[in-house]
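The structure appears right after this line, and notes come after that.
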Amino acid sequence: MPAVSDAVWSEQGTTPDAIEAALRGLLAERHSEDGGFQPARVLNMVAFVESEWSGEIANRLRGVGRYHASRLVVLSYEPHRTRLDARATVAAEGEAKPGEIVLLHETVIVELGDRHLDDLLTIADPLVVSDLPTLLWSPHGHPEAVEPLLPLAQATLLDSVDDPVWHEAIDRANSLSERLYVVDLAWLRSTPWRERIAATFDPSALRAELCEITAITVRHHPDSTVAALLLIGWLASRLDWRLTALHRDGQTLSGTAEAARQSIALHLQAAPELQVRGLAGLNIETASGMQLRLDRGTGGLRACQRDVRGNKHEWTILGASRGEAGILGEGIRQALLRDPTYRPALQAAQRMLP
């Protein structure tokens, strides 16, 4: 069977009920073309975006590959708009072939303005598929829009490094985590760093070194203080360290953590030379003289490990970064999973706030 074009509907001055009816009609239309066309039914995603940046957000979502939501509802906000306009598209993952199932993904773009903000839940509720988990994303902030949509969602996607005030970002994420599952892109960017730390101390011969850590230094992009706090918070929550507030000294946040046997010196240093957001480097020292150093490099993380005898081993962990499209795709996937380590790390990070 030859490939068919996407099914599209649009209407100016529409209503949520009319949009929902149009979606049902589009799905029926695609199914009538070939019985192998079946709607994907895994995840709803509701995104509240500023209309002037909607193209950028669309490009980011197109880059997530197979992790895009089954139904994507984009609430495109333009302050002075008075009319509710909408466009719905039902697209197939590929060409229909005899005897095969081809999944359909639905995208709804609703253009709205200030006058609609009090009715966001009423607008969005009919447009999500019942009995599917819903992921809420507001990439440009707008907590006043997120709040009324929270009852619709089971998970929210955020990027803590986007908040211009990093300690408010920690507080905001903590508050949200009390109401629904939080997927934080700032946390996901540190996955390769956490994996390498865990792998270093995984051998039974090195496991005891975890109890001998005496100092940790984390270097980070100036806008990624939250990422550094979450990394320290992860270690503290896993190793049962007692934390107190850090203090600022120029471009560095410093403090101590208390373990069962010793104090750990903590240093979070801004790295203005780093061109991309995230972590720049990490150094862990233990009382026995062991040292692990990780540095962001071209193509992956550069690792240097010194054992208790002073022997050094250096290598590159290729492909450690998945890029921003990969991070966003993983964020959407995480909405269907549950990372039990994020919230304890977040709570530990909050205890370090100056």
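When the residues of the stretch 124-157 are filtered to those that are open to solvent by 10 Å² or more (accessible area, probe 1.4 Å) and among the aliphatic types (A, V, I, L, M), the one that is farthest from Pro39 (Cα to Cα) is Val146.
Does Thr191 satisfy being modelled with pLDDT under 95 and of a type in the set (Val, Ile, Thr)? Considered against the rule, which asks whether it is modelled with pLDDT under 95 and of a type in the set (Val, Ile, Thr), Thr191 comes out as yes.
Every condition in (1) small (Gly, Ala, Ser); (2) free of Cβ contacts under 8 Å to residues at least 12 places away in the same chain; (3) assigned to a loop (DSSP other than H, G, I, E, B) holds for Ser175 except the one numbered (3). In summary, Ala215 fulfils each of the numbered conditions (1) outside any helix (DSSP H, G or I); (2) of a type in the set (A, V, I, L, M, F, W, C); (3) closer than 30 Å to Val129 by Cβ with the single exception of condition (3). Of everything listed in (1) open to solvent by 50 Å² or more (accessible area, probe 1.4 Å); (2) more than 26 Å from Pro143 (Cβ to Cβ); (3) part of a helix (DSSP H, G or I); (4) touching a Leu at 6+ places or on another chain (Cβ under 9 Å), the single unmet condition for His167 is (2). Just name the residue that is nearest to Ile216 (Cα to Cα) out of those in the stretch 286-300 that are open to solvent by 60 Å² or more (accessible area, probe 1.4 Å) and not in a strand (DSSP E or B). For the stretch 286-300, the residue satisfying everything is Ala287.
Anything in the stretch 116-145 that is out of contact with any Phe, Trp or Tyr (no Cβ under 7 Å at 6 or more places or on another chain) and either among the acidic types (Asp, Glu) or modelled with pLDDT under 95 (or both)? List them, or say none. Steps first, answer last, please.
Kept after step one, since they are out of contact with any Phe, Trp or Tyr (no Cβ under 7 Å at 6 or more places or on another chain), are these residues of the stretch 116-145: 116-137, 139, 141, 143-144.
Those that are out of contact with any Phe, Trp or Tyr (no Cβ under 7 Å at 6 or more places or on another chain) and either among the acidic types (Asp, Glu) or modelled with pLDDT under 95 (or both): Asp118, Asp119, Asp125, Ser130, Asp131, Pro139, Gly141, Pro143, Glu144.
Just one of the listed residues (Leu346, Leu253) is modelled with pLDDT of 95 or more, within 20 Å of Ile170 (Cβ to Cβ) and part of a helix (DSSP H, G or I), namely Leu346. Considering only residues that are among the hydroxyl-bearing types (Ser, Thr, Tyr) and in contact with a strand residue (DSSP E or B) (Cβ under 9 Å, 6 or more places away or on another chain), look in the stretch 156-176 and name the one that is farthest from Pro133 (Cα to Cα). Once the filter is applied, the top-ranked residue is Ser160. In this entry, Thr82 passes the filter for residues that are modelled with pLDDT of 95 or more and more than 26 Å from Leu176 (Cα to Cα).
Being over 10 Å from Gln38 (Cα atoms) and either open to solvent by less than 10 Å² (accessible area, probe 1.4 Å) or at pLDDT 95 or above (or both) is the filter here; which residues of the stretch 92-106 pass it? Of everything in the stretch 92-106, those that are over 10 Å from Gln38 (Cα atoms) and either open to solvent by less than 10 Å² (accessible area, probe 1.4 Å) or at pLDDT 95 or above (or both) turn out to be Ala96, Glu106. Of all residues in the stretch 334-343, those being in contact with a strand residue (DSSP E or B) (Cβ under 9 Å, 6 or more places away or on another chain) and either β-branched (Val, Ile, Thr) or assigned to a helix (DSSP H, G or I) (or both) number 3.
Listed by first and then second residue, the pairs linking a residue in the stretch 331-354 that is under 17 Å from Ser190 (Cα atoms) to a residue that is among the basic types (Lys, Arg) and surrounded by fewer than 22 Cβ atoms within 10 Å (Cβ to Cβ), with Cβ atoms under 8 Å apart and 6 or more places separating them unless they lie on different chains, are Thr341/Arg238; Pro344/Arg238. Looking across the stretch 301-328, the residues that are touching a residue at least 60 places away in the same chain (Cβ under 8 Å) and assigned to a strand (DSSP E or B) come down to Leu301, Ala303, Gln305, Ile317.
Remark: Trp187 matches the filter, which requires a residue to be part of a helix (DSSP H, G or I), out of contact with any strand residue (DSSP E or B) (no Cβ under 8 Å at 6 or more places or on another chain), closer than 30 Å to Asp131 by Cβ and of a type in the set (A, V, I, L, M, F, W, C). Taken across the stretch 52-63, residues that are more than 21 Å from Leu121 (Cα to Cα) and among the hydroxyl-bearing types (Ser, Thr, Tyr) do not occur at all. Tally time: how many residues in the stretch 49-91 are surrounded by fewer than 22 Cβ atoms within 10 Å (Cβ to Cβ), outside any helix (DSSP H, G or I) and more than 16 Å from the chain's Cα centre (by Cα)? The total comes to 13. Of everything listed in (1) part of a loop (DSSP other than H, G, I, E, B); (2) modelled with pLDDT of 95 or more; (3) of a type outside the set (Asp, Glu); (4) open to solvent by less than 40 Å² (accessible area, probe 1.4 Å), the single unmet condition for Ala22 is (1).
The values are calculated or read from the model by the stated rules, or taken from the named source; none is laboratory data. Since the model is a prediction, treat every value here as computed from it, not as a measurement. When we count neighbours, we look across all protein chains shown, and the Cβ atoms used for this are built from the backbone with ideal geometry, even at glycine. Note: accessible area is taken over every heavy atom of the protein model, side chains too, but ligands, DNA and RNA are not part of it. Shrake-Rupley method; radii C 1.70, N 1.55, O 1.52, S 1.80 Å.
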